[in-house]
Amino acid sequence: MDLVPASKFTYEELIHAYNQTRVDYLVPMPMNVARLKEYSRVYDVDLDSSVVVVDWENDNLIYGLGMLGVRDNRGWITRLGVLPFGRRMGIGGQLMDGLIASAARLRLAQVWLEVIKDNDPAHRMFRRYGFVETRELVVARRPPNPEGTPNVEDRVKRVTPLNHEDAIILLSHRQERANWLNQTKSMQNVHNLSGLLVELHNGGRGWVTYHAGLLQITRIIVEVTAGDPTEVTETVLNILHQRYKRQDAIAENMCDDAQWLGFQQAGYFESFRRIEMVKEMPK
């Protein structure tokens with residue numbers, strides 16, 4: 001079996017293998033070709049630096065793959081997976097060796113990744129490669145609730161709609177360190193972001209940026225700039241969902257803090273958690 005760049009394969013071949021790696025995962029997250037192309041563009045995935053383990057003599061059979069996002073002097077390991085029949089054969093280690101080698105060749109200072117909480121085999125492997133935990137991140141969902149969104153208009157002094165450019169400016173001035181998925185660079189790569197700037201009568205202020213699709217609202221980021229973090233977060237989100245009553249909503253990689261409590265009060269529930277990890281590369 002050989003370790004080769006992912007760019008040697010078509011998107012169709014990569015997707016066929018990737019979906020097989022996820023059939024028995026805690027959170028499968030299947031993809032199609034269009035989604036993988038979009039994912040690669042938004043998160044700056046470098047297919048030349050991403051890797052595949054393949055058996056050329058067995059009909060080019062792919063045993064596993066891992067992808068590397070690259071921004072400046074930082075890397076991000078993502079979509080790492082081994083097909084069920086290839087596990088316990090050292091394939092995961094081969095993939096990690098290849099991704100770390102790519103990071104070294106690119107002279108990256110750090111490599112980041114996330115592992116789903118309770119995926120203990122993967123978590124232990126990342127630790128063996130020198131990754132250390134930084135924080136837990138919440139992935140949450142809010143189902144559509146056309147009749148049940150609270151009316152919070154009596155709390156609100158002013159709501160200002162924001163276009164894509166306005167949203168990017170706000171995102172670039174966030175106080176909290178953003179995870180790779182919701183960094184400003186990722187959001188710049190997304191088309192047609194929107195936002196709302198909300199001012200409360202009691203002096204609270206906050207904003208939300210998001211991407212509104214026909215059936216789903218994604219890329220949801222909230223920041224509170226004045227007032228109680230829980231109250232302002234809940235109010236901002238309820239204003240958002242009054243405008244998009246029939247869309248499902250997904251918010252990814254939030255910290256477990258007072259703002260998360262505001263998400264919960266606005267009807268969000270925890271789907272699962274990711275553990276963010278980082279490896280400092282030798283200089």
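The values are calculated or read from the model by the stated rules, or taken from the named source; none is laboratory data. Small disclaimer: the values here were computed from a predicted structure and weren't measured. No Cβ is skipped: glycine too gets one built from the backbone with ideal geometry, and neighbour counts run over all protein chains shown.
Worth pointing out:
- Lone unmet requirement of (1) crowded, with 23+ Cβ neighbours inside 10 Å; (2) under 16 Å from the mean Cα position of the chain (by Cα) for V45: (1)
- Identity of the residue in the range 227-283, acidic (D, E) and in contact with an Asp or Glu (Cβ under 7 Å, 6 or more places away or on another chain), that ends up surrounded by the fewest Cβ atoms within 10 Å (Cβ to Cβ): D256
- Of all residues in the range 140-154, those that are touching a helix residue (DSSP H, G or I) at 6+ places or on another chain (Cβ under 7 Å) and part of a loop (DSSP other than H, G, I, E, B) total 3.
- Candidate set: the range 118-136, residues that are at pLDDT 95 or above and part of a loop (DSSP other than H, G, I, E, B); chosen: the one farthest from M67 (Cα to Cα): G130
- Answer residue from the range 7-35, given it is among the acidic types (D, E) and exposed (fewer than 13 other Cβ atoms within 10 Å of the Cβ) and is farthest from the chain's Cα centre (by Cα) among those: E12
- Qualifying residue in the range 201-214 (condition: at pLDDT below 95, at negative phi and within 21 Å of the chain's Cα centre (by Cα)): yes
- In this entry, M96 passes the filter for residues that are assigned by TED's automatic domain parsing to the domain that holds V27, under 21 Å from the mean Cα position of the chain (by Cα) and of a type in the set (A, V, I, L, M, F, W, C).
- The residue pairs whose first member lies in the range 11-25 and is under 13 Å from G64 (Cβ atoms), whose second member is at pLDDT 90 or above and in a helix (DSSP H, G or I), and whose beta carbons are closer than 7 Å, counting only pairs six or more residues apart or on different chains, are L14/A6; L14/L36.
- Residue match in the range 106-128 (condition: polar (S, T, N, Q) and free of Cβ contacts under 8 Å to residues at least 60 places away in the same chain): no
- Considering the range 201-258, and only residues there that are of a type in the set (K, R) and either without any contact (Cβ under 8 Å) to a residue 40 or more places away in the chain or outside any loop (DSSP other than H, G, I, E, B) (or both), the residue that is farthest from F269 (Cα to Cα) turns out to be R205.
- Within the range 101-116, considering residues that are within 10 Å of M281 (Cα to Cα) and surrounded by fewer than 20 Cβ atoms within 10 Å (Cβ to Cβ), the one nearest to the chain's Cα centre (by Cα): Q110
- Elements of type strands (runs of 3 or more DSSP E) in the range 42-87, at least 3 residues being at positive phi and modelled with pLDDT of 95 or more: none
- Selection within the range 122-141: residues that are of a type in the set (D, E, K, R) and more than 17 Å from the chain's Cα centre (by Cα). The member of this set that is nearest to V82 (Cα to Cα) is R124.
- When residues of the range 131-182 are limited to those that are closer than 15 Å to G195 by Cβ and basic (K, R), the one surrounded by the most Cβ atoms within 10 Å (Cβ to Cβ): R174
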